[in-house]
1. On the given criteria, is GLU118 part of a strand (DSSP E or B), surrounded by 19 or more Cβ atoms within 10 Å (Cβ to Cβ) and either out of contact with any strand residue (DSSP E or B) (no Cβ under 6 Å at 6 or more places or on another chain) or of a type in the set (D, E, K, R) (or both)?
2. Take VAL156 and tell me if it is open to solvent by less than 10 Å² (accessible area, probe 1.4 Å) and in a strand (DSSP E or B).
3. Just one of the numbered conditions (1) open to solvent by less than 50 Å² (accessible area, probe 1.4 Å); (2) touching an Asp or Glu at 6+ places or on another chain (Cβ under 8 Å); (3) of a type in the set (S, T, N, Q) is not true of THR89; which one?
4. Report yes if ARG53 is at pLDDT 95 or above, of a type outside the set (Asp, Glu), open to solvent by 30 Å² or more (accessible area, probe 1.4 Å) and closer than 15 Å to MET127 by Cα, otherwise no.
5. Could you check the stretch 92-105 and list, in sequence order, the residues that are part of a helix (DSSP H, G or I) and surrounded by 15 or more Cβ atoms within 10 Å (Cβ to Cβ)?
6. Go through the stretch 167-260 and tell me which helices (runs of 4 or more DSSP H), entirely inside it, have 1 or more residues that are under 26 Å from ALA143 (Cα atoms), out of contact with any Asp or Glu (no Cβ under 8 Å at 6 or more places or on another chain) and open to solvent by 20 Å² or more (accessible area, probe 1.4 Å).
7. Hey, can you tell me all the residues within the stretch 121-130 that are part of a loop (DSSP other than H, G, I, E, B) and either of a type in the set (Gly, Ala, Ser) or open to solvent by 10 Å² or more (accessible area, probe 1.4 Å) (or both)?
8. Which numbered condition trips up LEU74, out of (1) modelled with pLDDT under 95; (2) under 30 Å from LEU171 (Cα atoms); (3) surrounded by 15 or more Cβ atoms within 10 Å (Cβ to Cβ)?
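The values are calculated or read from the model by the stated rules, or taken from the named source; none is laboratory data. On a predicted model such as this, the values are computed, not experimentally measured, just so you know. No Cβ is skipped: glycine too gets one built from the backbone with ideal geometry, and neighbour counts run over all protein chains shown. For the accessible areas, the whole protein counts, side chains as well, though only heavy atoms, and no ligand, DNA or RNA atoms are used. Shrake-Rupley method; radii C 1.70, N 1.55, O 1.52, S 1.80 Å.
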Amino acid sequence: MAKIDVSIETNDQPAPPPKHPNTCPSCHSHYRDDELEASLWVCKQCGHHFPMRARARIGSLADAGSFSEEAADLHSEDPLGFFDLRPYTERIAEAELSTGLSDAMVIGSATIERRPCELAIMDFAFMGGSMGSVVGEKLSRAADSAAERGVPLVSVTSSGGARMQEGILSLMQLPKAVAAIEDLRDSGQAYISVMAHPTTGGVLASFATLGDVLLAEPGALMSFAGPRVVQNITREKLPDDFGSAEQNVRFGQIDEIVPRPELRPTVARLLRLFDAPE
């Protein structure tokens, strides 16, 4: 008698176990939270850079106790009454509760190795680091504060681009951010831009690439559109490292790739150079 392949008839296969968020996607090493915190969320085996939250990033860059947050009371509104699968207001509230932030950027004054500066740090965990009206306003205020205090501006970007739920109001933040950086430059102050994975869309097309010095973390995606979108549009096979920090530095579009453990001393050295007497 022929055997019946029951597995084919029922397709009753157990679901795979959920992937732990602290498993390295490159070498599959597994870490506890405290181990990743101690290594600045960098895999010790292969060097993969995990996403880093904004306040952890500030703690890794700024001198202890030196950071003073600004514009913490700014919250996104819903000017268009936007609704897709859920109301925009519901998405904002969920992001605020899950991240403990008011929006996708945290700004404030700080010192790095005793050198004063203004920080503007993005957090991808807040709606994909999307740039809406609040992010644009915070970046503008950070640039104005740096100009008024006579200190450099240091930004760390991680964003999927403009926030579609705010429509044209979100796109208007691009020229607003560009104008803010230009005002900072007119005041004679430097702007150091650090691009983490991913820095894409409107953030890449505006203030992220306007720094006097452009740095990036290893493996960071830095492309206006992602590789799959570009490949579908062009119908061409793209290089394996398309849009990566490594490709950008090879083409001279950024100055240096800096691993996260070396970022604080690198930025501090740049601050000293910009502060050197002429």
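1. yes
2. Yes.
3. (1)
4. Numbers: at pLDDT 95 or above: yes; of a type outside the set (Asp, Glu): yes; open to solvent by 30 Å² or more (accessible area, probe 1.4 Å): yes; closer than 15 Å to MET127 by Cα: yes.
Yes; evaluated as a whole, the condition is true for this residue.
5. The answer is ILE92, ALA95, GLU96, THR99.
6. 167-171, 173-186, 201-204
7. Within the stretch 121-130, PHE124, ALA125, SER130 qualify.
8. Every condition holds for LEU74 apart from (1).
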